[in-house]
Amino acid sequence: MRVAFVIPWYGPDLKGGAEQQAWQFATGLARRGNKVDVLTTCCRSFLDDWGVDHLPAGDEILAGVTVRRFPVDPRDRGAFDALNGRLLAIPRQSLRPGIPPVSPEDARPWTDHNINSAALERWLVGNLERYDAVIFIPYLYGTTLRCLPQVAAKAWMQPCLHDEAYAYLPDAAAAIYASRGLLLLSAGEMETAVRLFGPIVWSRGHVVGAGIEFDPLDTHAAAPLPSRVAGSRFLLFLGRRDPGKGVDLLCDAFRAWRAAGGDREVRLVLAGPGNAGYDDPSNGIVDLGLVDDPARVALLRGCEALLMPSPNESFSRVLYEAWYCGKPAVVRSSCPATREALLAAGGGWVAETVEEWAQRIGEVLAASAQTRGGYAAGGRDYTLRHASWDAVLGHCETLLRGEAGSVLKRLPGDPASIDQLSPGLGYGDAISNEMFEMRRMLRAAGFRSDIVVRHVDPRLLCEVRLAGAEAIDPAGGVIYHHSIGSEVTAHALAHPGPKALVYHNITPAEHFRPYRPHFARLLRDGREQMWSLAAGFAVSAGDSAFNAAELARFGFQEPGVLPLPIDPDAWDVPPSPGWMERLDDGRRNILFVGRVAPNKRQDRLVEAFALLPALPRARLVIAGAFAPDDPYAQRVQALIDELGLRDDVILTGHCPLADLHAFYRTASLFWSFSEHEGFCVPLIEAMWFDVPVLAMAAAAAPETLGEAGHAFAWTEENFEVARRAWSLLTDGALRARVLASQRVGRARFRRAFAEESLAALVRRMRAQAAVARSPEHA
């Protein structure tokens, strides 16, 4: 495999976590027989001037890796430093996902005057065919932010993500969304990434972990302690010495512990890179600065425990090193990466505030050797199981090669094309999205595949062919999507080649008859056509078992199920900042997604919403298209005014993906009174956003929900359902149970499952064609 790494600086002696990760990752892949290049700049390190070439441009071989260095670009350091100062001054608790901490214009210096190399960018774009994958490490530098979107088709990112102001900048989100995949170092980093960037991380993110080098820890096991701490009992901080890593908090906590009567013979030892000086002998704080590897190992083996107060880690190599050396640890409870690893390992304690850290310092020092040894043993076992480079690299190779494979393949004798035929193609609706995804799958399997429609949203004209008798290859296959009466149905029935019908359900006409009689007649006609379609299609499937059962009632033989693919990979655009700002105001947002239509019963939803207690603390967002002159939409709007809810209910109309992303990201509850759904995609979308679902158990909704979410019967009174909704908004234990069920249930609709079902449908079409060609059939 041919792999390129892109990182702003690179070398064996760099001590930052991302730099060590890049060195060990790249050299490890090279040792396993892969062709590895590192594309980096002529800047020497993070601590040097990013606008200066300290090293010569050109190529060199380091530990089996070809390192290509490129000159850095000139930069306005003053503009960058001014913005950096603003970002660092923003309190962490005021940062809100999806809302940039500064305006897009003010954010420009972060990317434009970061560390950049136009020469590196040109070389990579011009030589991209050399590589199977390009890995960018880490997320926040110009070499990633500017370069990754230019090579997105092959771009993987190892973000080394922290919950910090830089991660909220628009260009950071754009790079995440553009990446083909994210190689995450820990479950905690995954948790942080999902919270910041939404459900796309569930699809593109892979927790691959990171390894540690055990050899140095064994080689230097007998090294002496630095003279300043030899013979002392001490606690250890090992890492970059600056406030962002929690060092100020740790020093304050140690002083507080001593002031409260702590043993004055115990020392707090700090070691690692950084410019700050923390030496305070009168309070027992010893700042050793940067130490060499033998001293580092000696400190790990000689300390009482490792203290890791950093709130911003994606993975802590030193935590695993301490466990390997037989030492327990204390980590910051607000840092998901270290907290989750420690809790899983049973490797020590957690703390957050100065007071808690002072208390934990006392507990560590007062703990028995048996207690500390138990924590250390748990950590060491966890390290040996999860920090092996062989396992990490093997997992990464599988991902980078894309070895999962596909179950759908065009075989000899199959038609050259399988087109999809439908009455219409809308912008952003569930059926249209399914057709696009099926087209992608069919093309990837080797078929020519187009979408042929009678009516199309003008924004999608370039995606389709318009229906007509000549629009479909007579020898090709056809998948006909049926959801309403249409003149294209005759084309589907007349097609002589292999074909299948996919049924998306037709809403019973009685829902629309009081409001839109003409549309009700189209719905009735579509249902009546089902009887003739049953005779014309030997192969059929519904997108739910509910729809398949309806096909069987119309006389279709052995209809299958072709579930809609609802993969979080679709959410690859950032949420609308305007809607995020408007809706993230402390009120609880209750969401329904779907066109305003009588069967979806937005009128009853509004009536039930009005019954919620403490209503001013809640808001109802109805996200779905409607025509201003539609009688049912007018009824819903009149009801909102009648109940005095104009300030509490938002009817959004048709919304682009970025707006819908914002609605889901800010929702506290998804609430549906819909009485007829053939599938109901928004139920699963809400699950991917970790929004608890409360839905009427009608039509296909119970099947879509499965064991997930929270369902209610159509016979329940509005006040009873409103009470359920309020419980889901306020009862933490109930919310946790519902969300846990949804995280399991949503996996049933991943793209891989949909591809298996489509493959089964194509196999049946293949068998149908074989029967049609057989002499017996003739």
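For Ala298, indicate whether it is among the aliphatic types (A, V, I, L, M), at pLDDT below 95 and either open to solvent by less than 40 Å² (accessible area, probe 1.4 Å) or assigned to a helix (DSSP H, G or I) (or both). For Ala298, the condition - among the aliphatic types (A, V, I, L, M), at pLDDT below 95 and either open to solvent by less than 40 Å² (accessible area, probe 1.4 Å) or assigned to a helix (DSSP H, G or I) (or both) - is not met. Only residues that are within 22 Å of Phe5 (Cα to Cα) and either surrounded by fewer than 21 Cβ atoms within 10 Å (Cβ to Cβ) or modelled with pLDDT of 95 or more (or both) were counted in region 162-174, giving 6.
Could you grab me the full set of residues in region 183-239 that are free of Cβ contacts under 8 Å to residues at least 40 places away in the same chain, of a type in the set (Gly, Ala, Ser) and within 14 Å of Met157 (Cα to Cα)? Matches in region 183-239: Ala193, Gly205. Scanning region 241-273 for residues that are under 17 Å from Ser310 (Cα atoms) and open to solvent by 30 Å² or more (accessible area, probe 1.4 Å) gives Asp242, Pro243, Gly244, Asp248, Leu249, Asp252, Pro273. Just to be sure, is Ser432 open to solvent by less than 10 Å² (accessible area, probe 1.4 Å), of a type in the set (Gly, Ala, Ser) and at pLDDT below 90? So Ser432 fits the description; yes.
For region 569-591, the criterion of being aliphatic (A, V, I, L, M), crowded, with 22+ Cβ neighbours inside 10 Å, modelled with pLDDT of 95 or more and in a strand (DSSP E or B) is satisfied by at least one residue. Within region 603-637, being under 21 Å from Ala695 (Cα atoms), assigned to a loop (DSSP other than H, G, I, E, B), open to solvent by 20 Å² or more (accessible area, probe 1.4 Å) and free of Cβ contacts under 8 Å to residues at least 60 places away in the same chain holds for Ala610, Ala625.
Of all residues in region 444-480 being surrounded by 14 or more Cβ atoms within 10 Å (Cβ to Cβ) and charged (D, E, K, R), which is nearest to the chain's Cα centre (by Cα)? Of everything passing the filter in region 444-480, Glu463 is nearest to the chain's Cα centre (by Cα). Selection of region 508-543 for residues being assigned to a loop (DSSP other than H, G, I, E, B), open to solvent by less than 50 Å² (accessible area, probe 1.4 Å) and touching a Pro at 6+ places or on another chain (Cβ under 9 Å) yields Phe512, Val539, Asp543. Here Ala686 fulfils each of the conditions (1) under 25 Å from Pro97 (Cβ atoms); (2) surrounded by fewer than 20 Cβ atoms within 10 Å (Cβ to Cβ) apart from (2). Within region 347-371, the set of residues being open to solvent by 40 Å² or more (accessible area, probe 1.4 Å) and more than 37 Å from the chain's Cα centre (by Cα) comprises Glu363, Ala366, Ser368, Ala369, Gln370, Thr371.
Selection of region 640-662 for residues being touching a strand residue (DSSP E or B) at 6+ places or on another chain (Cβ under 9 Å), assigned to a helix (DSSP H, G or I) and over 24 Å from Asp457 (Cβ atoms) yields only Ile640. Under the condition of being out of contact with any Pro (no Cβ under 7 Å at 6 or more places or on another chain) and under 22 Å from Ser388 (Cα atoms), the residues counted in region 8-43 number 23.
Being within 30 Å of Arg751 (Cα to Cα), open to solvent by less than 50 Å² (accessible area, probe 1.4 Å), part of a helix (DSSP H, G or I) and modelled with pLDDT of 95 or more is true of Leu196. Residues in region 113-147 that are free of Cβ contacts under 8 Å to residues at least 24 places away in the same chain and open to solvent by 40 Å² or more (accessible area, probe 1.4 Å): Arg122, Gly126, Glu129.
Put simply, of Gly231, Gly211 the only residue that is in a loop (DSSP other than H, G, I, E, B), over 20 Å from His162 (Cβ atoms) and either open to solvent by less than 10 Å² (accessible area, probe 1.4 Å) or β-branched (Val, Ile, Thr) (or both) is Gly211. Is it true that some residue in region 662-669 is open to solvent by less than 30 Å² (accessible area, probe 1.4 Å), among the hydroxyl-bearing types (Ser, Thr, Tyr) and in contact with an Asp or Glu (Cβ under 6 Å, 6 or more places away or on another chain)? The answer is yes, given that some residue of region 662-669 is open to solvent by less than 30 Å² (accessible area, probe 1.4 Å), among the hydroxyl-bearing types (Ser, Thr, Tyr) and in contact with an Asp or Glu (Cβ under 6 Å, 6 or more places away or on another chain).
Checked against (1) farther than 19 Å from Asp59 by Cα; (2) open to solvent by 10 Å² or more (accessible area, probe 1.4 Å), Pro12 passes all but condition (1). What residue, among those in region 689-713 that are open to solvent by 10 Å² or more (accessible area, probe 1.4 Å) and of a type in the set (A, V, I, L, M), is nearest to Thr507 (Cα to Cα)? Per the criteria, the residue is Ala699.
Can you find a residue that is in a helix (DSSP H, G or I), free of Cβ contacts under 8 Å to residues at least 24 places away in the same chain and over 26 Å from His220 (Cα atoms) anywhere in region 277-285? Yes, that holds for at least one residue. Close contacts from region 245-270, counting a first residue that is free of Cβ contacts under 8 Å to residues at least 12 places away in the same chain and a second that is of a type in the set (Phe, Trp, Tyr), with Cβ to Cβ under 7 Å and a gap of 6+ residues or different chains, come to none at all.
Of everything in region 53-75, what is open to solvent by 60 Å² or more (accessible area, probe 1.4 Å), among the hydrophobic types (A, V, I, L, M, F, W, C) and in contact with a Cys (Cβ under 9 Å, 6 or more places away or on another chain)? Give them in sequence order. Answer for region 53-75, where residues must be open to solvent by 60 Å² or more (accessible area, probe 1.4 Å), among the hydrophobic types (A, V, I, L, M, F, W, C) and in contact with a Cys (Cβ under 9 Å, 6 or more places away or on another chain): just Ala57.
Quick check: is even one residue across region 483-505 surrounded by fewer than 17 Cβ atoms within 10 Å (Cβ to Cβ), in a loop (DSSP other than H, G, I, E, B) and out of contact with any His (no Cβ under 6 Å at 6 or more places or on another chain)? Taking every residue of region 483-505 in turn, at least one turns out to be surrounded by fewer than 17 Cβ atoms within 10 Å (Cβ to Cβ), in a loop (DSSP other than H, G, I, E, B) and out of contact with any His (no Cβ under 6 Å at 6 or more places or on another chain).
The set of residues from region 76-100 being touching a helix residue (DSSP H, G or I) at 6+ places or on another chain (Cβ under 8 Å), open to solvent by less than 70 Å² (accessible area, probe 1.4 Å) and assigned to a loop (DSSP other than H, G, I, E, B) comprises Ile90, Leu95, Pro97, Gly98, Pro100.
The values are calculated or read from the model by the stated rules, or taken from the named source; none is laboratory data. Keep in mind it's a predicted model, so treat the numbers as computed, not measured. Cβ atoms come from the backbone with ideal geometry, glycine included; neighbour counts cover every protein chain shown. In case anyone asks, the SASA skips ligands and DNA or RNA and just uses the protein heavy atoms, side chains included. Shrake-Rupley method; radii C 1.70, N 1.55, O 1.52, S 1.80 Å.
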